[in-house]
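Colleague: Got a structure for you, questions after.
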Amino acid sequence: MSRLENPVFDVSCRLTILPVVHGSAFFAREVRQRLRQATTRGWDCLAIPLPPSFAAAVEDGVERLPRVSVAFQEEEHPGSDDGRGGSSYVPVDPCQPVIEAIRVAQTASVARAWVDLEVAVWESPEHVALPDPYPLPETGWEAFAAACLPVLPAPIPGSQREERIRHTAHQLHVLEVEHECVVHVCSLADWPWVREAYRSRARYPVPFGRPHMPTLSHLAEDSLYFLLGELPYLTFLYEHRRAEEGAGRSGSEET
């Protein structure tokens, strides 16, 4: 069992996978609490479900919170005249569990590893209907995740989602060699399949070698409603509560 001592989420004695629903303040709060507890036990690496090219822009955006920003990356489109077309983006949103995990890791000076697959064009994975996270505080994280297992579809063979899952599993094996306690925060929809690929040591694809480096942009206030995982007012309440908890913790440590 890992240092987080969780029989449901521990994959090995050095690896824990925490499944989350992206854009949920309930899951962001759970991530913050679990990782702060883990800090006392000595976790030493956060595996982030984003490609390495996003590292600099997203880390910069996290340091600028609570001001919301977006990391944009141009994509390669061979069919277009100039080889470019659309873009992919990562919202640096306080209520995103992955962003919350990075904030905690930065504060605790824990190493961050970016384990998702670099791709020329990011393909939106098949839609997976997940239950509303509202009952999470009552059901508990482990029970909520276990209840979702029967309805989580496997990735389509040969799809980009499957390739990303296999690449992530390989990267987790690599991190275990270098670290004592690795925590990976990933989508609840991918959680069982990352675990399966990890245990079967599935073959992994070669990452795309020429990604455009993302740029960080601040978000206009009238666009917050369309980008944030929660309503802007709920995001404000979350950030306010987070600041209160931090102040309370500092005060108790001083006394």
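Colleague: Conditions first: (1) in a loop (DSSP other than H, G, I, E, B); (2) without any contact (Cβ under 8 Å) to a residue 24 or more places away in the chain; (3) open to solvent by less than 50 Å² (accessible area, probe 1.4 Å). Pro131 passes all but one, so which condition is the exception?
Modeller: Pro131 satisfies every listed condition except (3).
Colleague: Restricting to segment 198-211, give me the number of residues that are in contact with a Leu (Cβ under 9 Å, 6 or more places away or on another chain) and modelled with pLDDT of 95 or more.
Modeller: Matching residues across segment 198-211 total 1.
Colleague: Let me ask something else. Output the residues belonging to segment 222-241 that are open to solvent by 90 Å² or more (accessible area, probe 1.4 Å), charged (D, E, K, R) and closer than 22 Å to Val98 by Cα.
Modeller: Result: Arg241, single match.
Colleague: With the condition kept exactly as written, say whether any residue in segment 138-145 is open to solvent by less than 60 Å² (accessible area, probe 1.4 Å), within 27 Å of Val119 (Cα to Cα) and in contact (Cβ under 8 Å) with a residue 12 or more places away in the chain.
Modeller: There is no residue in segment 138-145 that is open to solvent by less than 60 Å² (accessible area, probe 1.4 Å), within 27 Å of Val119 (Cα to Cα) and in contact (Cβ under 8 Å) with a residue 12 or more places away in the chain.
Colleague: Among the residues of segment 171-211, count how many are more than 28 Å from Trp141 (Cβ to Cβ) and in contact with a Lys or Arg (Cβ under 8 Å, 6 or more places away or on another chain).
Modeller: So the count comes out to 3.
Colleague: Only residues that are among the small types (Gly, Ala, Ser) and closer than 28 Å to Pro232 by Cα: list them for segment 1-45, please.
Modeller: Once the filter is applied, which keeps residues that are among the small types (Gly, Ala, Ser) and closer than 28 Å to Pro232 by Cα, segment 1-45 yields Gly23, Ser24, Ala25, Ala28.
Colleague: Separate question: For segment 187-207, give me each residue that is over 30 Å from Pro133 (Cβ atoms) and open to solvent by 50 Å² or more (accessible area, probe 1.4 Å).
Modeller: Selection gives Arg201, Arg203, Tyr204, Val206, Pro207.
Colleague: Against the condition within 20 Å of the chain's Cα centre (by Cα), open to solvent by 40 Å² or more (accessible area, probe 1.4 Å), at pLDDT 85 or above and closer than 20 Å to Val115 by Cα, how does Pro214 come out, does it pass?
Modeller: no
Colleague: Surrounded by fewer than 20 Cβ atoms within 10 Å (Cβ to Cβ) and either over 19 Å from the mean Cα position of the chain (by Cα) or not small (Gly, Ala, Ser) (or both): does that describe His179?
Modeller: It is true that His179 is surrounded by fewer than 20 Cβ atoms within 10 Å (Cβ to Cβ) and either over 19 Å from the mean Cα position of the chain (by Cα) or not small (Gly, Ala, Ser) (or both).
Colleague: Go through segment 5-20 and give me each residue that's part of a loop (DSSP other than H, G, I, E, B) and open to solvent by 10 Å² or more (accessible area, probe 1.4 Å).
Modeller: Those that are part of a loop (DSSP other than H, G, I, E, B) and open to solvent by 10 Å² or more (accessible area, probe 1.4 Å): Glu5, Asn6, Pro7, Val8, Val11, Ser12, Cys13, Arg14.
The values are calculated or read from the model by the stated rules, or taken from the named source; none is laboratory data. Note that the coordinates shown come from a computational prediction; the quantities given were computed from them, not determined experimentally. Backbone-built Cβ (ideal geometry, glycine too); neighbour counts: all protein chains shown. For accessibility, only protein heavy atoms count, side chains too; no ligands or nucleic acids. Shrake-Rupley method; radii C 1.70, N 1.55, O 1.52, S 1.80 Å.
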